[in-house]
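Report on the structure given below.
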Amino acid sequence: MHLFYSRQGQMDDFNLYFYTQTIQGFQPLLAQPMMRTIVLDSLRYLCKERWVTIYGFVLMPNHIHLLWRMEGNERKESAAASFSKFTSHHFKKALAEQAPALLATFSSTKNDRQYQFWKRDPLAIPITSEEALLQKLRYIHDNPVRAGLCATPEAYAWSSATYYATGEDRFGILTNVYG
């Protein structure tokens with residue numbers, strides 16, 4: 001994994017994070033195909049515009065895990081904030097058109113927003129070693145198995161596990177951690 005290492009053999013600070021974002025109230029909003037598409041569209045945009053490099057992910061019914069690197073480009077808004085804002089806007093639009101009753105369950109009492117789709121304060125753990133990187137990638141891929149959604153990581157359609165097994169990136173967002 002020479003990509004992450006300095007000449008001295010130390011893992012460099014590449015703004016690499018294990019990131020978890022959870023749907024408000026743990027509702028299974030991401031079980032709906034349209035909502036998964038919104039999330040993937042946001043991730044594609046962030047990759048295309050070089051805000052992030054994504055090494056692993058899993059879309060669970062009520063949360064998402066990412067193994068991603070924040071690229072050094074200076075922007076007004078962070079990639080994580082952009083992701084949350086884009087997905088929330090499109091969740092609201094889609095639910096207003098197709099499931100107003102479900103939209104109402106995300107009503108917020110906060111003064112700065114009408115709806116709250118993502119829980120506040122997502123988890124962002126810096127990755128500083130190869131061991132931590134590989135542990136988090138395994139955790140991401142095993143998440144649907146532990147949740148009883150599939151028998152093997154590769155059998156779950158909404159993760160990077162198949163990419164690591166076959167090399168096929170059907171989402172158009174992944175970079176291999178092994179270079």
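Every number here is computed from the coordinates shown, using simple stated rules; none is lab data. Since we're looking at a predicted model, the values are computed, not measured. Cβ placement follows ideal geometry from the backbone for every residue including glycine, while neighbour counts extend to all protein chains displayed.
Taking every C-alpha pair closer than 8 Å and separated by at least 6 residues, the mean separation divided by the residue count of the range 109-179 gives a relative contact order of 14 percent. Spacing of the modelled spin labels on residue 27 and residue 99, each 7 Å from Cα toward Cβ, amounts to 0.8 nm. Projected onto the charge dipole of the chain (+1 at Lys/Arg Cβ, -1 at Asp/Glu Cβ, origin at the Cα centre), which of 42, 149, 96 gives the Cα projection farthest towards the positive end? Result: 96, furthest along the dipole toward the positive end. Against the chain, whose longest principal axis is taken from its Cα atoms, helix 33-48 shows a tilt of about 40°. Applying D = kT/(6 pi eta Rh) to the chain, where Rh is the Kirkwood radius over alpha-carbon pairs, T corresponds to 4 °C and eta to 1.567 mPa s, the Stokes-Einstein value obtained is 76 µm²/s. Projecting the Cα atoms of 171, 33, 64 onto the charge dipole of the chain (Cβ charges, centred on the Cα centre) puts 33 farthest toward the positive pole. For the range 110-171, the C-alpha radius of gyration sits at 1.48 times the compact-globule guess of 2.2 N^0.38 Å, with N the residue count. Dipole size of the chain about its Cα centre, with +1 on Lys/Arg Cβ and -1 on Asp/Glu Cβ: approximately 500 debye, rounded to the nearest 20.
If you take the square roots of the eigenvalues of the alpha-carbon gyration tensor of the range 30-85 and sort them as a ≥ b ≥ c, do you get rounded (a/c under 1.5), prolate (a/b over b/c) or oblate? Prolate. Computed extension gain for residue 151 through residue 89, at 0.36 nm per residue and net of the alpha carbon distance, reaches 18.9 nm.
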